[in-house]
Amino acid sequence: MIKAILIDDDDNLRNGMKALLSHYAPEINIIGEADSVATGINAIIKHQPQVVFLDIQLHDGTGFDVLEQLAAKNGNVTSNIVFITAHEQYAIKAFRFSALDFLLKPVDPEDLKKVIDKIKNVLEKTDNYAHIDLLLENIRKKVDNFKRIALSTSDGIHLFEINDIIRCESEDNYTKFYIKNNKPVLISKTLKEYDELLTEFGFERIHQSHLINLAYLKSYIKKEGGYVVMADNIHLPISQRKRERLQELLVGGLGKL
């Protein structure tokens with residue numbers, strides 16, 4: 001059984017979450033509940049849960065306050081955190097950059113099952129919670145200019161500088177990251193998700209299988225249907241519908257190559 005606690009200031013929502021977990025994830029054992037920042041911190045310290053289901057908005061603060069104050073008391077956070085939120089678009093973006101799980105209200109059973117499956121895998125492979133520190137770092141700044149990203153692999157969670165990512169390549173429902181001075185990293189998420197996250201950081205989807213960091217683009221070759229040469233000398237194809245867009249970017253923002 002996986003020990004878990006629920007922190008939410010709405011009794012009905014806590015009861016609803018317990019019913020969902022009982023039906024769809026019976027391996028989760030709710031060993032404690034809390035309804036505020038203060039009682040939430042006490043519950044985590046007392047029960048030392050493997051998983052915390054944590055609402056963002058509490059009547060005396062936020063779920064982020066729980067983590068901040070817990071880290072201040074204990075030095076770090078050593079539970080898997082699953083945030084529950086109604087909207088909070090900025091927070092959702094921070095979760096995705098930090099490889100932290102979240103559930104949207106009302107909680108969808110299929111989303112819940114996916115999160116539980118991921119948690120079971122993480123519990124078997126790692127006790128690294130550095131991505132929680134990354135989340136708190138991003139939340140404190142309250143800006144969209146994230147510098148680092150957490151990537152969850154089969155052997156744990158790793159943090160990388162966004163500027164060090166050279167390119168991403170689709171492999172079915174997985175994405176392979178090619179990162180400066182690192183071995184390739186395979187992530188069990190689609191390229192579409194990282195396209196949405198990284199486009200504003202100078203990345204461009206040039207093909208259904210390739211997302212590149214324009215800072216590492218060495219050459220754009222128009223012949224043979226069009227392809228790019230990256231800084232690592234890899235040649236990547238450009239889809240026909242992306243050629244005009246790439247040329248506009250090069251002429252307007254990067255200068256002609």
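The values are calculated or read from the model by the stated rules, or taken from the named source; none is laboratory data. Because the structure is predicted, anything quoted here is derived from the model rather than measured. Reconstructed Cβ throughout: ideal geometry from the backbone, glycine too, with neighbour counts over all protein chains shown. The area values use the complete protein model at the heavy-atom level, side chains included, leaving out ligands, DNA and RNA. Shrake-Rupley method; radii C 1.70, N 1.55, O 1.52, S 1.80 Å.
If I compute solvent accessible area with a 1.4 Å probe over the protein chains, what percent of it on the stretch 110-204 is carbon and sulfur?
43
Kindly provide the helix-only [θ] at 222 nm of the chain, computed as the sum of -39,500 (n - 2.57) over DSSP H runs of four or more divided by all residues, to the nearest 500 deg cm²/dmol?
Calculated at 222 nm, the ellipticity per residue is -11000 deg cm²/dmol.
Taking 25 Å as R0, compute the FRET efficiency from the Cβ-Cβ separation of S188 and K105 and round it to 0.05.
The pair S188/K105 has a calculated efficiency of 0.50.
Can you tell me the dipole magnitude for the chain around its Cα centre, using point charges on the Cβ only (Lys, Arg +1; Asp, Glu -1), in Debye to the nearest 20?
In total the dipole reaches around 1140 debye.
When only Cα pairs under 8 Å and 6 or more residues apart are kept, what is the percent relative contact order across the chain?
Answer for the chain is 10 percent.
Given 0.36 nm per residue, what is the gain on full extension from K93 to D195 after removing their alpha carbon distance, in nm?
35.4 nm
Within straight cross-link reach of K93, meaning Cα distance under 12 Å, which aspartates and glutamates are found once same-chain residues fewer than 8 apart are removed?
D101, D144, E193, E196
Give the calculated FRET efficiency between D65 and K114 to the nearest 0.05, with a Förster radius of 22 Å applied to their Cβ-Cβ distance.
Working from the Cβ atoms, E equals 0.20.
Ranked from highest to lowest mean number of other Cβ atoms within 10 Å per residue, what is the order of the peptides 45-54, 106-115, 187-196?
Packing order, densest peptide first, comes out as 45-54, 187-196, 106-115.
With each label point set 7 Å from Cα along the Cα-Cβ vector, what nm distance links Y24 and T78?
For Y24 paired with T78, the spin-label model returns 3.1 nm.
Report the charge-dipole magnitude of the stretch 13-131 in Debye, nearest 20, computed about the Cα centre from +1 at each Lys and Arg Cβ and -1 at each Asp and Glu Cβ.
160
Using 0.36 nm per residue, how much length does the chain from N163 to K46 gain when fully extended, once their Cα-Cα distance is taken away?
Additional length available on full extension: 38.1 nm.
Once a ≥ b ≥ c are taken as the square roots of the eigenvalues of the Cα gyration tensor of the stretch 123-221, is the result rounded (a/c under 1.5), prolate (a/b larger than b/c) or oblate (a/b not larger than b/c)?
Because a/c hits 1.5 or more and a/b fails to exceed b/c, the stretch 123-221 counts as oblate.
Got a sec? Charge dipole of the chain, +1 on Cβ for Lys and Arg, -1 for Asp and Glu; which of I238, I56, V82 is way out at the positive end?
I238
Sorting check: for 154-161, 218-225, which peptide has the highest mean count of neighbouring beta carbons within 10 Å, and how do the rest follow?
Those peptides, ordered most packed to least, come out 154-161, 218-225.
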